[in-house]
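Q: Provided herewith is a single structure, encoded as structure tokens, for subsequent inquiry.
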Amino acid sequence: MSIMEIIGGILIITGSIFLFLGSLGILRMPDIYNRIQAGTKATTLGAMSLILGVGFLEPSWLLKILIIIIFIAYSNPLSSHALARAMYKRKWYPLIKGDPEKMDAYREVNTNKEKEEVKS
Amino acid sequence: MQTLSFSQKLSRFIISWILLMMLWIAFTSSFVTQELLVGVFATMIISFFTVNLFTCCTLAILSPVKIFYMVKYIIVLLIALIKSNFDVARRVLTPSLPINPGIVKFKSKLPTEFSRMVLANSITLTPGTLSIDIIEDTFYIHWIDVKTTDPEEAFKEIAGQFEEILLKIF
């Protein structure tokens, strides 16, 4: 076994551990926003390190793998943002311990819009 | 869409040509003359037709100072990403689920839409935060463990280090 293979194996194992923890987070978290949080972070680093590990095992693919990594780092947060925003617009309000008026700054935007719609 | 002067268009055209050519080389991963020539023409045609849509940057982005800050930004982002993964792991593995979720807002000084998008994406990858919406210059962030609802302090806590570097790039 060469050093490249060892590094690749370690990267693949770390990636799969993070992916596992992310899916555990999706199971354990109480509401959709916290689930998205756990999912996004774990899948971003997990997938990145897994694919990089594959790149170390097969060095001729490294450049293409770099493109995939950039694409994951770029598109994963975007999709989670779109999901979260869509869920808020569908009135799935986040779970909040304590005063919702104070802790939920985004609600003012949405209720204002609703009032305008009712007026017009 | 704003109207661009000829020099701005040329600068965008050249930078998108360079970026697309780099992408081409990464895809084909070969330096045979024929493939490079096809790449030069294909990327030239694509960047000529998309010059109005390509709004991310101009030639100024190739200056050494900006490239230095870009590298610094990527390193800071990677460290934040690794930290946030350990943060998720810690929260998931603690039996009592230590969360105190809420949504905070703050204002950012970043000038262009593209830079705001970069900041929002980076915020999603930092520990415990998820960007929900950007309206003009106000960011709405879902925070898994709310420490403060004050916009200024929340800004410092969440986005301070990123914006500092981004302001130097854009």
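The values are calculated or read from the model by the stated rules, or taken from the named source; none is laboratory data. Treat the numbers as computed from the prediction; the structure is a model and nothing was measured. Methodologically, a virtual Cβ is constructed for each residue, glycine included, from the backbone with ideal geometry; neighbour enumeration extends over all protein chains shown. All accessible areas refer to the heavy atoms of the entire protein, side chains included, with ligands and DNA or RNA removed. Shrake-Rupley method; radii C 1.70, N 1.55, O 1.52, S 1.80 Å.
Q: If you place +1 on the Cβ of every Lys and Arg and -1 on the Cβ of every Asp and Glu, how big does the dipole about the Cα centre of the stretch A:3-91 come out, in debye to the nearest 20?
A: The calculation lands at about 660 debye.
Q: For residue B:145, what accessible surface area do you get with a 1.4 Å probe? Give it in Å², rounded to 10.
A: Roll a 1.4 Å probe over it and residue B:145 shows about 50 Å².
Q: Now for a separate question. From the square roots a ≥ b ≥ c of the eigenvalues of the alpha-carbon gyration tensor of the stretch A:3-91, which class results: rounded (a/c under 1.5), prolate (a/b over b/c), or oblate?
A: Taking the square roots of the gyration eigenvalues as a ≥ b ≥ c, the stretch A:3-91 is oblate.
Q: Moving to a separate point now. So if I place +1 on the C-beta of Lys and Arg and -1 on the C-beta of Asp and Glu, and nothing else carries charge, what would the dipole magnitude of the protein assembly as shown be about its Cα centre? I want it in debye, nearest 20.
A: 160
Q: Assuming 0.36 nm per residue, please report the length gained on full extension of the stretch residue B:22 to residue B:90 beyond their Cα-Cα distance.
A: Working it through step by step, the gained length comes to 20.6 nm.
Q: Under unit Cβ charges (Lys, Arg +1; Asp, Glu -1), what dipole magnitude, rounded to 20 debye, does chain B have relative to its Cα centre?
A: Roughly 280 debye for chain B.
Q: How far is helix B:64-93 tilted off the main Cα axis of chain B, in degrees rounded to 10, range 0 to 90?
A: Around 40 degrees separate the two axes.
Q: Here's something else I'd like to know. Residues of the stretch B:6-61: accessible area per residue at 1.4 Å, in Å²?
A: Counting only protein heavy atoms, the per-residue value for the stretch B:6-61 is 65 Å².
Q: Which residues of the stretch B:67-86 end up with at least 40 Å² less accessible area in the presence of all protein chains than when their chain stands alone, using a 1.4 Å probe?
A: Those are B:81, B:85, which lose 40 Å² or more relative to the chain on its own.
Q: Between residue B:152 and residue A:6, with labels modelled 7 Å along Cα→Cβ, what's the label distance in nm to one decimal, could you check?
A: Roughly 5.3 nm, to one decimal.
Q: Okay, moving on. With the radius of gyration and the Kirkwood radius both derived from the Cα set of the stretch B:6-61, what is their ratio Rg to Rh?
A: Over the Cα atoms of the stretch B:6-61, Rg/Rh equals 1.01.
Q: Just name one of A:8, B:97, A:57: the one whose Cα is farthest towards the positive end of the charge dipole of the protein assembly as shown (beta-carbon charges, Lys/Arg +1, Asp/Glu -1).
A: The residue sitting most towards the positive pole is B:97.
Q: Right, something else. For the protein assembly as shown, report the % of Cα-Cα distances exceeding 28 Å.
A: 47
Q: Now a separate question. When all C-alpha to C-alpha distances in the stretch B:49-170 are sorted into bins of 10 Å, what percent of pairs does each bin hold, rounded to whole numbers?
A: Distribution as computed: 12, 40, 32, 13, 3, 0 percent.
Q: Please tell me which of these pairs span more than 21 angstrom C-alpha to C-alpha: A:91/B:105; A:89/B:83; A:97/B:147?
A: Among A:91/B:105; A:89/B:83; A:97/B:147, the Cα-Cα distance tops 21 Å for A:89/B:83.
Q: Then there's this: Along the charge dipole of the protein assembly as shown, pointing to its positive end and built from +1/-1 on Cβ of Lys, Arg, Asp and Glu, which listed residue (A:71, B:151, A:95) has its Cα farthest out?
A: A:95
Q: Provide B:71, A:109 ordered by accessible surface of protein heavy atoms (probe 1.4 Å), highest first.
A: Most to least solvent-accessible, the answer reads B:71, A:109.
Q: Label points 7 Å out from Cα along the Cβ direction at residue A:58 and residue A:111: separation in nm?
A: Each label point lies 7 Å from its Cα, and together they span 5.5 nm.
Q: Something else about it: If you roll a 1.4 angstrom probe over the protein chains with everything in place, what fraction of the accessible area of chain A belongs to carbon and sulfur, to the nearest %?
A: Heavy-atom surface of chain A belonging to carbon and sulfur, 1.4 Å probe: 70 percent.
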